[in-house]
1. If you take the Cα Rg of the stretch 289-353 and divide it by 2.2 N^0.38 Å, with N the number of residues, what do you get?
2. Just grab the label-to-label distance for Asp278 and Asp326, each label 7 Å out from Cα along the Cβ direction, in nm (one decimal).
3. Work out how much length Arg316 to Asp47 would gain on full extension: take 0.36 nm times their residue separation and subtract the Cα-Cα distance, in nm to one decimal.
4. Using 0.36 nm times the number of residues separating Arg219 and Glu246, minus their current alpha carbon distance, what extension gain do you get?
5. Which value in nm describes the separation of the simple spin-label points at Val130 and Leu382, placed 7 Å from the Cα toward the beta carbon?
6. Given 0.36 nm per residue, what is the gain on full extension from Ala79 to Ala1 after removing their alpha carbon distance, in nm?
7. Calculated FRET efficiency, Tyr346 and Gln302, Cβ-Cβ r, R0 22 Å, to nearest 0.05?
8. Starting from the amide H of Leu131, placed 1.01 Å from N in the peptide plane, find each other amide H under 5 Å away whose residue is 5 or more places distant or on another chain.
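Values quoted throughout were computed directly from the atomic coordinates according to the rules given, and no laboratory measurement underlies them. Quantities reported herein were computed from a predicted structural model and do not represent experimental measurements. Here the Cβ positions follow ideal geometry from the backbone for every residue, glycine too, while neighbour counts run over all protein chains shown.
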Amino acid sequence: ALAWRLVRLLPGLLHEPGYEPVAGFLAAGDDADRLFQLATRLADLFDQYQVYRPDWLGDWADGQDRLAAPGRPPLELPADQRWQPLLWRAVLATLDERERQCTRPHIHQRVLDALHSGAPLARPVARRIVLFGMAQVPLPVLQLLAALARHCQVLLAIPNPCRFHWADTIDGRELLRMAQRRQPLRAGRDLAALPLEAMHAHAHPLLAAWGRQARDFVRQLDAFDDAQQAQARFGLPRVDLFDEEESADAPLLVQVQNRIRDLVPLAEHDRRAALAPDRSIVFHVAHSALREVEVLHDQLLQLLAQPPGGAPLQPRDIVVMVPDIDTMAPAIRAVFGQYPRSDARYIPFDITDLSARASHPLVGALEWLLRLPQQRCTLSELRDLLDVP
């Protein structure tokens, strides 16, 4: 619905001040397809704003063209992005009061007000809510869970690579209150009290380089969590399941994992003699994605023929993780799918996290057609169906 509303709005706004970037984009190809594609992308963008940054939309609706930043002064909106708040206000101007109250930020605020009011809820909630494996949660969802915790027990099981508090391992300037920390400080050292230029010497470099998103998420959780109150209300004991033992001949990968777990900086790493047959960590340099997969195929053949430790290794025991499976999928099929089952180089494989709709558009079109008797057909859905090759 928002995409079609934007299709109607945009042509009448292009000549107004502030819309020069949008007008320049549409002028490059003056056709209805380009306008619809832009409207679809903008509708998705505003939808993401409603989920992740409703505070921005609230400021824009009030005429404040800025980017709110929690805990920091608001940022000025770049000049070439001023059209976004202008367009959002133009969208709101086309809505009546009832439609405005149905936007996500308004619904979110009404739910928070109801949960914080202390009044009995219209419908009872579960006594306990447990959420597993979330690596990132939007701030509005955390606000909702915190408000819901006034009425039931809310538990979040979050993957954490380190046993100590490491939310300030990078800059250490935004110190959370000590009483709110759920994890102890390693050796009693307060990283936030260290100079910024010395921070890298007191934290594991891999956490500092690759753990930024997880670190920020831990900070968010600490801001909402009241460990002392939860302990008093529910009597949850602290259960430490970390294994302290590390053999002298531990593989290099196990050593790195333990250093990250224990937040050991490089200066405190003990220098062990490299084990000659240790290939637990191997780096390969390849000039293309296809070559990467070819090297991977060769390495897997070697591992299957000569399994480490002598224990039998089967293809079902192997998991290969990549940052972008959609990009790598064609190369994987080209390399692993070129050999018949009778070939000694054949390795059975399966690509996960690829939906049938993404890999085979006809499957998605067939699924939509089968549901047609039970659903309404919108213009955008009909257009998507016609675009299927």
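1. 1.12
2. In this crude label model, Asp278 to Asp326 measures out at 3.9 nm.
3. Extending this stretch completely gives an extra 92.9 nm.
4. Gain on stretching Arg219 to Glu246: 6.7 nm.
5. The two pseudo-label positions are separated by 4.9 nm.
6. Fully extending the segment from Ala79 to Ala1 adds 25.2 nm.
7. 0.90
8. Those lying under 5 Å, H to H, from Leu131 are Leu155, Leu156, Ala157.
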